[in-house]
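In what follows, a single structure is set out as structure tokens and then discussed.
The values are calculated or read from the model by the stated rules, or taken from the named source; none is laboratory data. Model, not experiment: these values are computed from the prediction. Glycine also receives a Cβ, built like all others from the backbone with ideal geometry; neighbour counts cover every protein chain displayed.
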Amino acid sequence: MEKDILILAIETSCDETAAAVVKNGRSVLSNIISSQIDLHTLYGGVVPEIASRKHIEKINQVIKEALSEADVTLEDIDAIGVTYGPGLVGALLVGVAQAKAISYAAGKPLIGIHHIEGHVSANFIENKDLEPPFLCLIVSGGHTHLVIVKEYGKYEIIGRTRDDAAGEAFDKVARAIGLGYPGGPKVDKLARKGDRHAVEFPRANIEGFPYDFSFSGVKSAVLNYLNSCAMKNEPVNTADIAASFQEAVVDALVTKTIAAAQEYHMDKVAIAGGVAANSALRQAMDAACKEQGINLYYPSPVLCTDNAAMIGAAAYYEYLSGTRHGLDLNAVPNLKIGQR
């Protein structure tokens with residue numbers, strides 16, 4: 001009988017201090033998340049310096065809690081996985097420094113993990129039958145990518161955003177219509193009360209690059225619409241604007257994903273990242289995949305937002321492939337997907 005592999009995973013790329021213990025890449029023994037959302041809401045967005053300081057305050061506590069809940073000690077752990085990019089450099093450094101210290105003190109291998117590859121790997125936790133190859137749509141505050149997951153840890157990017165990421169556009173529109181931070185969940189909630197066809201906002205297509213995205217145009221269209229209403233002294237139905245904006249973004253995401261799945265003959269599609277928790281995106285993607293006979297996979301909302309369990313899942317497959325990092329591992333805030 002093969003020995004179980006236990007990964008202690010650490011995630012501090014933005015404003016969640018998280019630690020988890022993951023067994024064999026797919027079983028989560030603990031997943032502790034200390035969120036800073038309430039703190040950053042006061043400022044209308046993440047303040048990097050505050051995020052870094054809060055990570056320093058919480059990191060030891062979160063790791064101890066993760067080990068305790070999993071009922072393991074550091075001696076039971078086989079490797080330490082940690083997000084080393086992309087993200088806020090100060091925030092990343094807290095997690096990387098902590099992981100290196102534990103690796104050195106406990107004599108355990110250190111494995112640096114790409115944050116977005118962690119989001120992709122979140123799908124392995126709850127979808128035990130999901131194995132590469134498959135197409136994955138990654139949608140978060142900083143990234144919008146269409147990638148083919150060829151093997152565990154091996155990716156081919158076939159589409160990416162040319163400007164704003166989908167989550168970034170959600171945050172900016174939320175601010176414009178007075179919803180505040182965090183924008184994505186608030187737009188999603190308000191949109192349920194609105195008419196998604198009230199205003200036809202544009203969908204961008206980039207000639208020669210059918211799977212690339214652009215969300216700056218739809219964001220600007222919303223701002224222009226609001227300015228036009230203000231100048232004409234016309235009333236604004238914020239629920240209709242939220243629903244119409246969300247419809248434009250979701251339509252672009254789903255249309256391009258399904259087209260890519262057909263061209264690359266993929267019968268499995270996964271979605272990952274914070275925006276993958278959006279209810280309209282899930283419903284539209286589910287309907288489109290059923291229509292085309294494609295199997296759709298996505299994680300629970302708690303595994304869509306930043307967490308350490310997904311890092312542990314990714315680290316397990318990197319561990320099996322022989323990936324190891326030295327104590328010179330550093331934070332790389334602009335780390336590209338597939339980069340090592």
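Things worth noting here:
- Residue within the stretch 125-134 that is more than 17 Å from Val22 (Cα to Cα), buried (at least 21 other Cβ atoms within 10 Å of the Cβ) and modelled with pLDDT of 95 or more present: yes
- Scanning the stretch 319-334 for residues that are in a loop (DSSP other than H, G, I, E, B), touching a residue at least 24 places away in the same chain (Cβ under 8 Å), over 16 Å from Gly118 (Cα atoms) and not small (Gly, Ala, Ser) gives Arg324, Leu327, Leu329, Asn330.
- Filter result for the condition that a residue is in the same structural domain as Asp195 (by TED's automatic domain parsing), closer than 27 Å to Val147 by Cβ and out of contact with any Phe, Trp or Tyr (no Cβ under 6 Å at 6 or more places or on another chain), over Tyr211, Tyr225: Tyr211
- Residue match in the stretch 64-73 (condition: crowded, with 19+ Cβ neighbours inside 10 Å, part of a helix (DSSP H, G or I), over 23 Å from the mean Cα position of the chain (by Cα) and of a type in the set (Ser, Thr, Tyr)): no
- Which numbered condition Val275 fails, given (1) surrounded by 20 or more Cβ atoms within 10 Å (Cβ to Cβ); (2) at pLDDT 95 or above; (3) of a type outside the set (Lys, Arg); (4) assigned to a helix (DSSP H, G or I): (2)
- Here the condition is being touching a residue at least 24 places away in the same chain (Cβ under 8 Å), crowded, with 20+ Cβ neighbours inside 10 Å and touching a His at 6+ places or on another chain (Cβ under 7 Å); of Ser13, Ser30, it holds for Ser13 alone.
- Failed item, numbered, when Lys100 is tested on (1) surrounded by 24 or more Cβ atoms within 10 Å (Cβ to Cβ); (2) of a type in the set (D, E, K, R); (3) under 20 Å from Gln61 (Cα atoms): (1)
Residue-by-condition table, conditions (1) surrounded by fewer than 23 Cβ atoms within 10 Å (Cβ to Cβ); (2) touching a residue at least 40 places away in the same chain (Cβ under 8 Å):
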position	(1), (2)
Arg26	yes, yes
Gln36	yes, no
Ile56	yes, no
Gly87	no, yes
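- The stretch 305-339, residues that are within 20 Å of Gly142 (Cβ to Cβ), out of contact with any Leu (no Cβ under 7 Å at 6 or more places or on another chain) and surrounded by fewer than 24 Cβ atoms within 10 Å (Cβ to Cβ): Asn330, Val332, Asn334, Leu335, Lys336, Ile337, Gly338, Gln339
- Test set (1) within 26 Å of the chain's Cα centre (by Cα); (2) buried (at least 18 other Cβ atoms within 10 Å of the Cβ) - Asp240 fails condition number: (1)
- Residue in the stretch 297-310 that is over 14 Å from the mean Cα position of the chain (by Cα) and among the polar types (S, T, N, Q) present: no
- Single unsatisfied condition, Ala252 versus (1) within 24 Å of Tyr211 (Cβ to Cβ); (2) not in a helix (DSSP H, G or I): (2)
- Index of the failed condition, Pro202 passing every other in (1) in a loop (DSSP other than H, G, I, E, B); (2) surrounded by 15 or more Cβ atoms within 10 Å (Cβ to Cβ): (2)
- Of the residues making up the stretch 95-132, those that are over 18 Å from Gly338 (Cα atoms), of a type outside the set (A, V, I, L, M, F, W, C) and in contact (Cβ under 8 Å) with a residue 24 or more places away in the chain are Gly95, Gln98, Lys100, Ser103, Tyr104, Lys108, Pro109, Glu126, Asn127, Lys128.
- Residues that are surrounded by fewer than 24 Cβ atoms within 10 Å (Cβ to Cβ) and either in contact with a Pro (Cβ under 9 Å, 6 or more places away or on another chain) or within 18 Å of Ser27 (Cβ to Cβ) (or both), drawn from the stretch 74-85: Asp76, Ile77, Asp78, Ala79, Gly85
- Residues of the stretch 180-195 that are in contact (Cβ under 8 Å) with a residue 60 or more places away in the chain and buried (at least 17 other Cβ atoms within 10 Å of the Cβ): Tyr181, Pro182, Gly184, Pro185, Asp188, Ala191.
- Here Thr41 meets the list (1) surrounded by 14 or more Cβ atoms within 10 Å (Cβ to Cβ); (2) of a type in the set (Val, Ile, Thr); (3) at pLDDT below 95 almost entirely, failing just condition (1).
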